[in-house]
1. For residues that are surrounded by 12 or more Cβ atoms within 10 Å (Cβ to Cβ) and touching a helix residue (DSSP H, G or I) at 6+ places or on another chain (Cβ under 9 Å), tally how many sit in region 126-143.
2. Take region 44-65 and flag every residue that is surrounded by fewer than 17 Cβ atoms within 10 Å (Cβ to Cβ) and within 18 Å of the chain's Cα centre (by Cα).
3. Over 30 Å from the mean Cα position of the chain (by Cα), modelled with pLDDT of 90 or more and more than 30 Å from Ser17 (Cβ to Cβ): which single residue out of Leu122, Leu127, Leu155 fits that description?
4. Can you name the residue in region 1-34 that is among the hydrophobic types (A, V, I, L, M, F, W, C) and surrounded by 12 or more Cβ atoms within 10 Å (Cβ to Cβ) and is also modelled with the lowest pLDDT among such residues?
5. Tell me, which residue of region 74-97 that is surrounded by fewer than 13 Cβ atoms within 10 Å (Cβ to Cβ) and not hydroxyl-bearing (Ser, Thr, Tyr) is farthest from Leu44 (Cα to Cα)?
6. Restricting attention to region 91-110, report how many residues are outside any helix (DSSP H, G or I) and not hydroxyl-bearing (Ser, Thr, Tyr).
Amino acid sequence: MTSNPSESREIRESRESRLYTISELAQEFDITPRAIRFYEDMGLLTPDREGRNRVYTYRDRTRLKLTLRGKRLGLSLQEIKQLVDMYESNSDATPQLTAFLQVLHAHRHQLEQQLEDIRITLEEISLHEQRCERLLAEAVGASAPSAAPSKLHGL
């Protein structure tokens, strides 16, 4: 990075004025062009056209990056769109940050509930495994092989 402020501005302006093809964005973010078109349909991206080809601006690239980040967080497309739209707003960032914090709190609560549900389910599976292993051991140890089926009815 250089200390020349005008060069930094030139580099930034060059980067921000660059156009991307759908293939370039798909390759960069390791997604399919179809996924990008889906995000367009949802109003998350608004590419320009050069003839029949879509061209994406640096703004579109940033919106795609934020969309994919939101997906990784498990946010709905509606939540992502709301947050991405607020991200671009020139107004005070306080409402955006407040809304994002509320979404994150709700998502955290949902994940914590899912984690608790998974913990309980794993405990139940362990109990069933232990019971099955005990019944199998009794069945193998019993002289009559037909003893196990009647005990399995109690599962």
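1. Selection size over region 126-143: 6.
2. Hits for region 44-65 are Thr62, Lys65.
3. On inspection, the qualifying residue turns out to be Leu127.
4. Filtering region 1-34 for residues that are among the hydrophobic types (A, V, I, L, M, F, W, C) and surrounded by 12 or more Cβ atoms within 10 Å (Cβ to Cβ), the one modelled with the lowest pLDDT comes out as Ile11.
5. Per the stated criteria, the residue is Asp92.
6. Residues flagged as outside any helix (DSSP H, G or I) and not hydroxyl-bearing (Ser, Thr, Tyr) within region 91-110 amount to 2.
The values are calculated or read from the model by the stated rules, or taken from the named source; none is laboratory data. Treat the numbers as computed from the prediction; the structure is a model and nothing was measured. Ideal geometry is used to build each Cβ from the backbone, glycine not excepted, and the neighbour counts take in all protein chains shown.
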